[in-house]
1. Show me, for the stretch 162-176, the HN-Hα J-couplings you get by feeding each phi into the Karplus relation (A = 6.51, B = -1.76, C = 1.60, θ = phi - 60°), rounded to Hz, glycine and proline as x.
2. Label Thr104 and Lys148 with points 7 Å out from Cα along Cα→Cβ: what is the distance between them in nm?
3. Tally up the carbon and sulfur contribution to the accessible surface of the chain as a whole percent, 1.4 Å probe, everything protein left in place.
4. Sequence gap at least 6, Cα distance under 8 Å: using those rules, report the relative contact order of the stretch 74-212 to the nearest whole percent.
5. Quick query: amide H of Tyr5 versus all other amide H atoms, modeled in the peptide plane; which residues come in under 5 Å with a sequence gap of 5 or more or a different chain?
6. Just add up the charged neighbours of Cys69: K/R +1, D/E -1, any other residue whose Cβ is under 12 Å from the Cβ of Cys69.
7. How many angstrom lie between the C-alpha centres of the stretch 26-55 and the stretch 7-22?
8. Based on the mean of other beta carbon atoms within 10 Å per residue, what is the order of 119-126, 169-176, 32-39, 48-55, most packed first?
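The values are calculated or read from the model by the stated rules, or taken from the named source; none is laboratory data. The structure displayed is predicted, hence computed values, not measured ones. Cβ placement follows ideal geometry from the backbone for every residue including glycine, while neighbour counts extend to all protein chains displayed. The protein model used for the area step is the full one, side chains on, heavy atoms only, and it has no ligands, DNA or RNA in it. Shrake-Rupley method; radii C 1.70, N 1.55, O 1.52, S 1.80 Å.
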Amino acid sequence: MLRIYGNRRSGNSNKVEYTAILLGLEYDFKEMDFQKDLKTEQYLKVHPAGKIPAIDDNGFILFESGAICKYLCDKNGSTLFPKDLKKRAIVEQWGDFSVQHVGTAMSKVAFNMVFAPMRGMPTDEKSLKEGLENLERFLPIVDYQLSKSKYLAGDTMTLADLTLFSVLEYADAAKFDLSNYKSITKWRKHIMEMEFYKKFHEKSNVLDIPVI
């Protein structure tokens with residue numbers, strides 16, 4: 001059986017679990033404690049950097065959430081990661097955009113608004129300002145794209161949507177208001193009403209604050 005090593009406070013971990021649920025896969029979820037489990041000798045054989053998520057698919061070990069999701073989709077012939085070269089390239093494009101631009105900016109905001117105070121660390125005002133400025137720069141691009149189509153890469157849901165959705169999970173904890181982005185807000189609400197998202201929450205006691 002597929003085993004997912006993750007933590008449901010992690011957006012990247014959730015992205016893998018969302019994918020598995022959408023694919024209808026049976027899996028064992030191994031909840032990893034950030035302080036106790038990630039640097040053990042046993043787990044470092046799974047992920048040499050001691051990070052999550054990672055999977056063990058009947059002896060096949062793989063880490064990095066993007067690689068895992070693509071592997072699971074290809075293995076199961078899912079349209080979440082289409083076979084058509086051009087359609088796949090568009091999914092890759094928006095997935096990369098979400099991680100590199102939106103996700104990087106959101107991580108800076110979330111760290112400074114949530115995790116630095118939790119750890120008694122000072123806010124890095126320069127980093128926070130940069131994160132907020134980049135969200136203001138990049139979110140309108142995503143919002144416009146979603147005004148043209150139901151999903152990020154077209155009229156059907158793909159890994160691009162799961163990627164963007166997972167990086168935006170940090171917005172609530174960081175008290176970042178997405179309501180000015182009408183298309184993103186509508187799209188996000190739609191995904192939260194989907195069956196896979198409800199099943200995910202049935203499986204877990206998801207806490208309010210994700211860990212980056």
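1. 5, 5, 4, 4, 5, 6, 7, 4, 6, 4, 5, 4, 7, 6, 8
2. Output for this residue pair reads 2.3 nm.
3. With neighbouring chains kept in place, the figure for the chain is 51 percent.
4. 28
5. So Tyr5 has HN proximity to Lys30, Ala54, Ile55, Asp56.
6. Around Cys69, the charge tally is -2.
7. If you average the Cα positions of each part, the centres end up 14 Å apart.
8. Most protected by this proxy first, the peptides run 48-55, 169-176, 32-39, 119-126.
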